[in-house]
Structures are given as structure tokens and as C-alpha cells.
1. Looking for whichever is on the phi > 0 side of the Ramachandran plot and surrounded by fewer than 22 Cβ atoms within 10 Å (Cβ to Cβ) here; the options are B:Gly203, B:Gly230, B:Gly189. Which one fits?
2. A:Ser43 passes all but one of (1) more than 16 Å from ligand 2 (Cβ to nearest atom); (2) surrounded by fewer than 23 Cβ atoms within 10 Å (Cβ to Cβ); (3) more than 13 Å from chain B (Cβ to nearest Cβ); (4) not basic (Lys, Arg); which number fails?
3. Test A:Arg210 against the stated conditions and say whether it is of a type outside the set (A, V, I, L, M), within 16 Å of ligand 1 (Cβ to nearest atom), away from chain B (no Cβ under 14 Å) and surrounded by fewer than 20 Cβ atoms within 10 Å (Cβ to Cβ).
4. In the stretch B:155-246, which strands (runs of 3 or more DSSP E) lie fully inside it and hold 3 or more residues that are closer than 27 Å to B:Thr257 by Cβ and of a type in the set (Val, Ile, Thr)?
5. Do you know which of the residues in the stretch A:79-88 that are touching a Leu at 6+ places or on another chain (Cβ under 8 Å) and in a helix (DSSP H, G or I) is nearest to the other protein chains (Cβ to nearest Cβ)?
6. Those residues that are within 15 Å of ligand 1 (Cβ to nearest atom) and either within 23 Å of A:Thr193 (Cα to Cα) or surrounded by 21 or more Cβ atoms within 10 Å (Cβ to Cβ) (or both), I need them from the stretch A:28-40; list them, please.
7. Filter the stretch A:146-160 down to the residues that are touching a strand residue (DSSP E or B) at 6+ places or on another chain (Cβ under 6 Å) and more than 10 Å from chain B (Cβ to nearest Cβ), then identify the one that is farthest from ligand 1 (Cβ to nearest atom).
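The values are calculated or read from the model by the stated rules, or taken from the named source; none is laboratory data. Only a predicted model underlies this, so the values are computations on that prediction, with no experimental measurement involved. Backbone-built Cβ (ideal geometry, glycine too); neighbour counts: all protein chains shown.
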Amino acid sequence: MTVLELRDVRKVYPGEPPVESVRGVNLAVEAGEMIAIRGASGSGKSTLLHLMAGLDRPTSGSVRLDGQRVEVLTDLQLAGLRAWRVGVVFQQFFLLEALTAVENVASGLLYRGIPARQRRAAAVEALERVGLAHRMRHKVTKLSGGERQRVAIARAVVGRPAIVFADEPTGNLDSAKGGEILSIMRELNEEGTTLVVVTHEERVAAACQRFIEIRDGVVVS
Amino acid sequence: MSDVLQDEKDAVGTRPQIKRSRLRLYDLIPTGTLGLRTRRTRAVLSALGIAIGIASMVAVLGVTHSSESHLLAQLDRLGTNLLTVVNGDDLGGTEVALPATAAPMLRRISGVLAVAPTAQISTARVYRNDQIPTGQTGGLAVRATDASLLDTLQGSLKLGRFLTVADAPVTVLGHDVARQLGIVRLDAGTRVWLGGHWFTVAGILDPFTLAPEVDRSALISFAAAKDLLGYDGAPSRIYVRTDPDQVTQVADLLAHTANPANSFQVKASRPSDALTAQIAVKQSSGALFLGLGAIALLVGAIGIANVMVISVLERRAEIGLRRTLGATRVHIAAQFLTESLVLSALGGFGGVLIGSGVTVGMAMAQDWGIAIPPVAIGGGFGVAIVSGVLAGLYPAMRAAALSPTDALRTTG
Ligand SMILES: Nc1ncnc2c1ncn2[C@@H]1O[C@H](COP(=O)(O)OP(=O)(O)OP(=O)(O)O)[C@@H](O)[C@H]1O
Ligand SMILES: [Mg+2]
């Protein structure tokens, strides 16, 4: 089953001159896949990730995410899609610093409108999956970078979304910690999570079943 | 063409329904107060702005209301149906005599309940003893009257008894006279030197709010005034107690009745008008202070708006993250609006407490009853909430308008 399909997707940022960050990308991701999108800095990886994850609409072309055409959905429908079907991991983690690890993970279910007890129970389980159950009640400010990224990954997978995107998940970590994150992502993939990892690192790309190279907004291989 | 058909089939056929993004009301409070919990000092300071505004408004309302109800209670006790009739003052401030017939004539007016004539004896002075040089009278007067005065003024004695027929000359001292002469106790031998004679002090009066000139007078009987001080029998100030429902009708007749020949000279007045005027002054100065309180509140609200705008700027990444987690624009706006509402509600609550405290303190210090109008408390809190909503509206809209990708691109 195809979870994500891009057809001739373009993104132009208006301005003088306009910046065409993504220039006609075609791509399909099957359920259960773990693929890498590799490219140099400024090649349009983050822009592409935003388009794939339904955070932004393409200027032209079509993005089909979990069976929905992103470009025709309303803001509300897109929000619903993100709340229920998509998980995202960022390079900067983006954790809520006032909260504990388990509270941060539970916030991944906040906008589904399910009761706090259920969110917490699912969060505990997700933390176990990333091997952080023992740091559950710690404030995230007390955690190391690698641990923080594991919290962010748990938050992305806590709702068992159809697809999880990661934008440079190892970018802020040293290579040992980055390796840990990679193996956690591989384990999650083996358990059935569909993963799209955006990176400039050869090593990360090599860890995926398949990788796509982009340069200046176009897929080169 | 076939593509379009394909999509239409999808739309009605295989495409799954998108579940809605939802934020429970129960989760809104913890979500909306997260920012406050992270930045406590800032939250307290910005709530303080609102608190000061609300406190000053509640205190102004409470203090004016308490003092007003004190005055009203006083008015209620003293009554607004006491009138005084004088024939004007001469250049030295001494009351000019009215015709001797004035008091009996006034008694005949219908609606008059009681009349008490008094006569200022300008030739006589009162002293503690006969050793004090003449001239040092300290604004104290001698006034002749009769037993009707106490009834008409509805006054009471602090010590002793009122004027009675006695062998020796007797005086009853007004409140201020007794205090100024230093007479605090009465015994058989308590005397004052009055108009060149010894007068036994029979009693001391409680103060009269509506007749302060009595407080400053040593009262003697008409008989004593005639016998010892050469008084001619004409009154100079007459107190009239009327039926409460006929005060104005009676007042209109007083001047002509008291002095038919020279009625234009006569001044009839209603001493309670001074208290009524005091209430009006309180109300208008209350309005002024209320305006100042409103300005303080406005400044407080702008403070909250300012802090909220900064908070939105600082929390762009959080906003981007929440949008990624599925928050709608409405959810983001609700979160920031909740934050500003909680801030202003805290400020309002604190303000009502401080304002009430100030009122209670004032009332206790002034010996008033505590009367904080419920509308001041409810209104103060309500105004705080409204200003919180207004202050939060713009920042909340700014936060909601942020595109998720722009928000996410902010570093940090
Ligand atoms: N909002 C925007 N307005 C204008 N130009 C933009 C905007 N966002 C991105 N760009 C441009 O689009 C291009 C691609 O940016 P993008 O962030 O997608 O690259 P990237 O591959 O993720 O780079 P990095 O590895 O540094 O994160 C860049 O040239 C960038 O300057
Ligand atoms: Mg990037």
C-alpha cells in the first residue's frame, strides 16, 4: 500500500527573485518502508519534508498522504491528518521544556482529544519502545541530547501514525548518540513503522533500505 | 480526463474519512498555563499590573461606599427635618435678634413638631474661673434657651442633666465648651465664671452634628439671662423640627412667620443639606478616582498584551511544534487567550483582595461600617477578565496566523 506519493511537486517561495526550493519531485513510499532522502545543505530537504508531512501545500503538483490529496485539504483537515496520521522528528528536538519526558511524549496525542490517562499510558509504552522508561518522570531539561531525541521519537510514534518523518534526527548529536538513534529508528521500522528520514549524512542514508538523492530541489537518483 | 474521473471515484469511494483534530476543554487550562508556569516572575509581574488597576477601583468604590453609607446612616439618625431660623449676622458675627414673638408664631405653622428658641448673649463670656483676663474666650459663646432645645435637636447629655429651675444659676455646657474648659467630671461644686457670675455646671451635652453652634455654647435659662445678664427676651436663632413630609412647605413659611416686618433678613436653612452636599462631593471625587483606577487597569492590560506579544515571538518554535502535532489555528489562539485570561483572572482576584483589604482598613480606621458593594467585587473581577480577553486577543491572533513551516524554521 502506498502511504505517500508525490507527483511533480514544486515549491516556489515568492520574493525577488522567487526561490524554487523543490522543482518537480516524484516519489512513492510504501507502508513499512524506511527511506532516506539525502542532499546537501540548502538542497531543499526540509522544504520537501514539510510538503510530505502536510505542514505546507505545494505550489503545484500533487501530494497524496495517507490517501488524501494534501493540496485540496482545508487547514482543519490538514490539522486532523497531522494529529492522527503523521509523526515528525526534528533536528532541534522541539520538546516542551517545562514538562517531563512522559508528558512530552503524551503531548503527541494532545490534539486527538483523548483522555489524559490514555495519553499517558500510551506515552509510557512509547518511552519503553525507545528505551527511556527509566527517565520517564525527569524534566526533559535534565536529559542528554541523545535522550531528548529519543523522547522526540517516542512522541512521533506514540499515536502509531501511518508515517513518520525525521528531519536530520542525528544532526545535533555526536556519532555514537546518532548511531543509537539510528538503531532505534530501525527497530521501530522493523516493528512496522513507515519512516522517511531526511539527512545530509551518508551514514544515515546507508542505514535505510532505500535512499533518494536530491540536489537543488530535484531528485538526481 | 481519466485522472479527474479517478479522483472523483476516490472522493466518494475509497478515500478514508479524516479524523478531526480536537483539544479537550479539560486540557486547555494546563496547555494555556504552561507558559506561565515556565516564566513565573514575568507572569506575577504582569498580573500585578491588572491587580493594581482592579485594587484601586475596588478600593475607591469600597471606600466611597463605606463613607457614604456612614454619612447616610448619620443623616438617617439625625433626620433631614431640622430647620434653623436666624435673622442674619451682624458684622462681628453675632446673631441679630428676631422679634420676641417669633417662636410662638412658628409653633402655629402646621407641620411643625417642635420649636426651640435660643438667644446668643453677646455681652457675656464664659471662663473656667474668675482669674482669666477677659477677652480670651476662645470662640465660646453664651446662649440662653429652654428645655425644648434638647427635644427639638433630639440631643442627649453626656453627663448630668439639662437646664432646670434651681436656686443657684445653672449652665449646661456644649461639647466643645466642656472640652475647651477642661471639664471632664461633674460634681456639686463644678462651676464656671459666666458673664461675671458663678454658674454651676449641671450637665455636659453630646455633640450635635447638625447644630455645631450649640457645641460651642454654654447654655443658660432665659430667666437667668434676664435676671443676671440683662437679656431682653428676643431670640436670635430658632430650631424647628418639622414633619418629615412637610419640610419644604414649612421652610417656605419660616422667614415671613418669624419676622413679618423684615422677612428678607431672615435666613431659614436646613443643616442636613451640608451632609447631603458632602455625599455628593464624595460621589464626584469617587468618580474621579474610579477614572484613575480605570487608567491603571488600562496600563495593566497593555502590560499583559505586551508580555503576550513577546511570549508569542519567543514561542514560535512551540507554536510550530503544536501545529505539527495537529493543533488547529483555533487551538493555538485558544491557548494564548487562556494564558492571558488566567493572568488577568489572577490579577483580578489579587486586585479584589487588595482593594477589599484597603477598604476594610480605611473603614476600621475611620470607624465606618464596612460596605463594599458586591458590584465592585463582581465588576472588578469581570473587568479584569474582559481586559484579559482584549489584551490576549491580538497576540492570540498573531500566534494563530503563524504558518507552521515559518514557525518551525526559527532556530532555538
Ligand atoms: N520561507 C522561505 N522563503 C524563502 N526561501 C526559503 C524559505 N524556506 C527555505 N527557503 C530556501 O529554500 C532552499 C531550500 O531550503 P531547505 O531548508 O529546504 O534546505 P535544506 O536542504 O533543508 O537545508 P539544510 O540541510 O541546511 O537544512 C534554501 O535555498 C532556502 O534558502
Ligand atoms: Mg533542513
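1. Answer to the selection: B:Gly230.
2. (1)
3. no
4. The strands (runs of 3 or more DSSP E) meeting that bar are B:237-242.
5. So the residue we want is A:Ala83.
6. To start, the set of residues in the stretch A:28-40 that are within 15 Å of ligand 1 (Cβ to nearest atom) comprises A:36-40.
Residues satisfying the conditions are A:Ala36, A:Ile37, A:Arg38, A:Gly39.
7. It comes out as A:Val157.
Every residue, every condition in (1) under 15 Å from B:Ala251 (Cα atoms); (2) not assigned by TED's automatic domain parsing to the domain that holds B:Ile238, yes or no:
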{"position": "B:Val63", "(1), (2)": "no, yes"}
{"position": "B:Ser66", "(1), (2)": "no, yes"}
{"position": "B:Val85", "(1), (2)": "yes, no"}
{"position": "B:Gly88", "(1), (2)": "no, no"}
{"position": "B:Glu95", "(1), (2)": "no, no"}
{"position": "B:Ala100", "(1), (2)": "no, no"}
{"position": "B:Ala103", "(1), (2)": "yes, no"}
{"position": "B:Leu106", "(1), (2)": "yes, no"}
{"position": "B:Ile109", "(1), (2)": "yes, no"}
